[in-house]
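The structure under discussion appears below in the form of structure tokens.
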Amino acid sequence: MDSKRLKVVLDLTFGAGGHSKAILQSVPGVTVVAVDRDPRAFQLAQHLAQEFPGQVKPVLGRFSELDNLLPALGLGPGDVDAALLDAGCSSMQMDTAERGFSLSKDGPLDMRMDGDRYPDMPCATDVVNALDQQALASVLAAYGEERHTRKIAAAIAQARSVYRINRTLQLASIVAGKCRAFPASALFARRDRLQRPSHVATKTFQALRIFVNDELNELHAGLHTVQTLLRPKGRLCVLTFHSLEDRLVKRFIRGEDLAAPPRLSIRQRAKARREVVEGECEEEEESEEEEKGLEDTYWVILQKKVMKPSEKEVQENSRARSAKLRTAVRR
Ligand SMILES: C[S@@+](CC[C@H](N)C(=O)[O-])C[C@H]1O[C@@H](n2cnc3c(N)ncnc32)[C@H](O)[C@@H]1O
Ligand SMILES: *[C@@H]1O[C@H](CO)[C@@H](O)[C@H](O)[C@H]1NC(C)=O
């Protein structure tokens, strides 16, 4: 690595700036390109730019818009030394009731990461009230990996025939079983992998959020942009929080055709079925089949196994519990 050249790091998910700040503090002279689609995050990036004059370039935009936005900063293929993508929504978004992401804080059922930047873009209220029942069930199945999809979609359809569902707690309680979507309809009847109670509407909220923000296509666009911008030996780090995202990242850095159905071993297929039936998500194992053919991709994979937080880390920060980290180096 040419240590005289000043480094350029692309933080694709600035959020509240935790990662960007840590990078600025540990790499002297580094330039951080701080991207986020959320206007609130963009404001915070602008503040950080004042703290580190000339070192932070705030960019307001989605991953899919970067090919148009980054050339204005003079960034082209090979100009980026490292890229970081911390997928999903931020604690800031989760904890602000008005953004409508949280099923435990009442707020408008919004969920748009872009805030009001695109007034015509449907929010979660539009989705739950306008999508026909069947399409709604498909969204829940595809993005929530939810097994009670038809019951939940029916409960939503029944409720919205009486009133417009436009608050987070309304939706949470509809799903929770006013409508008997679940046999044992205690609100926190489900348990996560650490045996902590999880709300029965968690997956419904996740599915709507992914759909509203087109998160999987966005993730793919972001990875693609990074693949173009990183210099040879440049490094990519991706943090994801559920298996749909992780699977996409894994397949992308393996150079698999994402339009083709995943290549699963018999064991993995059995496991995938169990996941659907039991509604829980186990570790994905890397099969031998998949280890082949890595030579012809754009990436060198650093750890064959996905990295996960330690128990201690999870105790200190429960939101890290489902985090998975993958890193790869551009060839
Ligand atoms: C998990 S948070 C990042 C937190 C950040 N690492 C920190 O230290 O505060 C993810 C952020 O990425 C943003 N984001 C998600 N998808 C995006 C996309 N497609 N384009 C741009 N930003 C996106 C969200 O708005 C959110 O602020
Ligand atoms: C939310 O729906 C209720 C009917 O359930 C309606 O009276 C109210 O105006 C709606 N609010 C918004 C902001 O759409």
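The values are calculated or read from the model by the stated rules, or taken from the named source; none is laboratory data. Bear in mind the structure is a predicted one, so any value in this text is a computation, not a measurement. All Cβ positions, even for glycine, are placed from backbone atoms using ideal geometry, and neighbour counts span all protein chains on display.
Being touching a Cys at 6+ places or on another chain (Cβ under 8 Å) and of a type in the set (A, V, I, L, M) narrows it down to one of Ala45, Ala82, Ala49, Ala72, so name that one.
Result: Ala82 is the single residue among Ala45, Ala82, Ala49, Ala72 that is touching a Cys at 6+ places or on another chain (Cβ under 8 Å) and of a type in the set (A, V, I, L, M).
Are any of the residues in segment 32-46 charged (D, E, K, R), in the same structural domain as Arg231 (by TED's automatic domain parsing) and over 19 Å from Met121 (Cβ atoms)?
No, segment 32-46 contains no residue that is charged (D, E, K, R), in the same structural domain as Arg231 (by TED's automatic domain parsing) and over 19 Å from Met121 (Cβ atoms).
Of all residues being among the aliphatic types (A, V, I, L, M) and assigned to a loop (DSSP other than H, G, I, E, B) in segment 1-15, which is modelled with the lowest pLDDT? Just the residue, please.
Filtering segment 1-15 for residues that are among the aliphatic types (A, V, I, L, M) and assigned to a loop (DSSP other than H, G, I, E, B), the one modelled with the lowest pLDDT comes out as Met1.
Just to be sure, is Glu275 surrounded by 15 or more Cβ atoms within 10 Å (Cβ to Cβ), at pLDDT below 85 and farther than 20 Å from Arg254 by Cβ?
Taking the combined requirement at face value, the residue satisfies it.
Any chance you could count how many residues in segment 50-82 are buried (at least 16 other Cβ atoms within 10 Å of the Cβ) and either touching a Pro at 6+ places or on another chain (Cβ under 6 Å) or under 15 Å from Glu218 (Cβ atoms) (or both)?
Here the count works out to 9.
If you take the residues of segment 90-109 that are at pLDDT 95 or above and buried (at least 21 other Cβ atoms within 10 Å of the Cβ), which of them is nearest to Thr13 (Cα to Cα)?
Here the residue is Ser90.
What pairs can you find where one residue is in segment 150-179 and in the same structural domain as Ser102 (by TED's automatic domain parsing), the other is among the β-branched types (Val, Ile, Thr) and in a loop (DSSP other than H, G, I, E, B), and their Cβ atoms are less than 9 Å apart, with a gap of 6+ or different chains?
Here the result reads Ile156/Ile165; Ala159/Ile165; Leu171/Ile165; Ala172/Val200; Ile174/Ile165; Val175/Val200; Ala176/Val200; Gly177/Val200, each pair linking segment 150-179 to a residue that is among the β-branched types (Val, Ile, Thr) and in a loop (DSSP other than H, G, I, E, B).
What number of residues in segment 125-140 are assigned to a helix (DSSP H, G or I) and free of Cβ contacts under 8 Å to residues at least 60 places away in the same chain?
Matching residues across segment 125-140 total 10.
Report the residue count in segment 194-225 for those that are under 15 Å from the mean Cα position of the chain (by Cα) and modelled with pLDDT under 95.
Total meeting the criteria: 2.
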